[in-house]
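Asks: This is the structure I have questions about; it appears just below.
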Amino acid sequence: MNASPPVVIRRPSPAKFAAEATAAAALYLASRRATLPGLRDPLTEAQTHAWMRTTVFERHSVRIADVDGEIVGFASRDGAWLMNLYVKPGWTGRGIGSRLLATVLAEAAAITPVLRLSTFARNEGARRFYERHGFTAVMFGDGNANAEGEADVRYERSTRD
């Protein structure tokens with residue numbers, strides 16, 4: 001019986017910066033399309049790739065879930081905010097999101113007592129995931145505060161639990 005290769009949680013590789021940002025952008029787009037059909041995308045695909053490279057990978061603290069050189073998930077944090085946590089379609093349900101979140105929480109604990117995030121209200125899978133991991137809904141929005149125009153939920157959780 002062959003064991004599947006291990007999931008490695010790591011920072012982006014400076015030597016592979018462009019390729020990893022491109023892979024993360026493709027994963028982000030595929031994940032959103034798979035989980036939230038009909039979601040309005042305020043950016044073109046090219047703009048999303050540029051945003052991933054120049055904002056997410058350059059300005060956020062990014063962690064990548066890597067399986068044998070394939071990026072199967074990523075998370076990014078900006079201060080006290082979890083900005084992104086996505087797992088590649090076909091790879092969900094394997095604990096990858098939980099491992100990424102645990103890594104982000106551990107890192108955030110050094111700088112903030114609370115980690116915050118927003119998710120779309122209709123993203124029931126994400127909401128269950130965050131609630132299972134100790135996040136509490138603290139505010140409900142009508143979509144006026146995000147580019148997609150979707151009702152959203154703000155969650156918070158202590159980083160010291």
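Asks: Would you please list the contacts, defined by Cβ atoms under 9 Å and residues six or more apart or on different chains, that run from a residue in the stretch 64-78 that is polar (S, T, N, Q) to a residue that is in a strand (DSSP E or B)?
Replies: Ser76/Ser61; Ser76/Val62; Ser76/Arg63; Ser76/Leu82; Ser76/Met83; Ser76/Asn84; Ser76/Leu85
Asks: Test Ala18 against the stated conditions and say whether it is small (Gly, Ala, Ser), at pLDDT 95 or above and under 17 Å from Gly97 (Cβ atoms).
Replies: No.
Asks: Quick one: in the stretch 19-52, which of the residues that are among the basic types (Lys, Arg) and in a helix (DSSP H, G or I) is surrounded by the most Cβ atoms within 10 Å (Cβ to Cβ)?
Replies: Arg32
Asks: To continue, here is another question. Given the criteria part of a helix (DSSP H, G or I), in contact (Cβ under 8 Å) with a residue 24 or more places away in the chain and farther than 23 Å from Arg40 by Cα, does Leu105 qualify?
Replies: yes
Asks: Follow-up question, since we're still on this one. Return the pair list, or none, for Cβ contacts closer than 7 Å from residues in the stretch 130-149 that are touching a residue at least 60 places away in the same chain (Cβ under 8 Å) to residues that are surrounded by 14 or more Cβ atoms within 10 Å (Cβ to Cβ) and not in a strand (DSSP E or B), at least 6 apart or on different chains.
Replies: Every condition considered, the pairs that remain are Glu148/Leu39; Gly149/Gly143.
Asks: Oh, and also: Can you name every residue in the stretch 110-128 that is out of contact with any strand residue (DSSP E or B) (no Cβ under 6 Å at 6 or more places or on another chain) and more than 14 Å from Glu156 (Cβ to Cβ)?
Replies: Result: Ala110, Ile111, Arg122, Asn123, Glu124, Gly125, Arg128.
Asks: Then there is this: Could you grab me the full set of residues in the stretch 53-74 that are out of contact with any strand residue (DSSP E or B) (no Cβ under 7 Å at 6 or more places or on another chain) and either assigned to a loop (DSSP other than H, G, I, E, B) or of a type in the set (Ser, Thr, Tyr) (or both)?
Replies: If the condition is that a residue be out of contact with any strand residue (DSSP E or B) (no Cβ under 7 Å at 6 or more places or on another chain) and either assigned to a loop (DSSP other than H, G, I, E, B) or of a type in the set (Ser, Thr, Tyr) (or both), then Thr54, Thr55, Asp68, Gly69 are the ones that fit.
Asks: Residues in the stretch 97-118 that are surrounded by 22 or more Cβ atoms within 10 Å (Cβ to Cβ) and β-branched (Val, Ile, Thr): how many?
Replies: Adding up the residues that qualify gives 1.
Asks: Limited to the stretch 81-102, what total is found for residues that are assigned to a loop (DSSP other than H, G, I, E, B) and closer than 25 Å to Gly149 by Cβ?
Replies: Of the residues in that region, 1 qualify.
The values are calculated or read from the model by the stated rules, or taken from the named source; none is laboratory data. Since the structure is predicted, the reported quantities are computational estimates derived from the model, not experimental observations. Don't worry about glycine lacking a Cβ; one is built from the backbone with ideal geometry, like all the others, and counts go over all protein chains shown.
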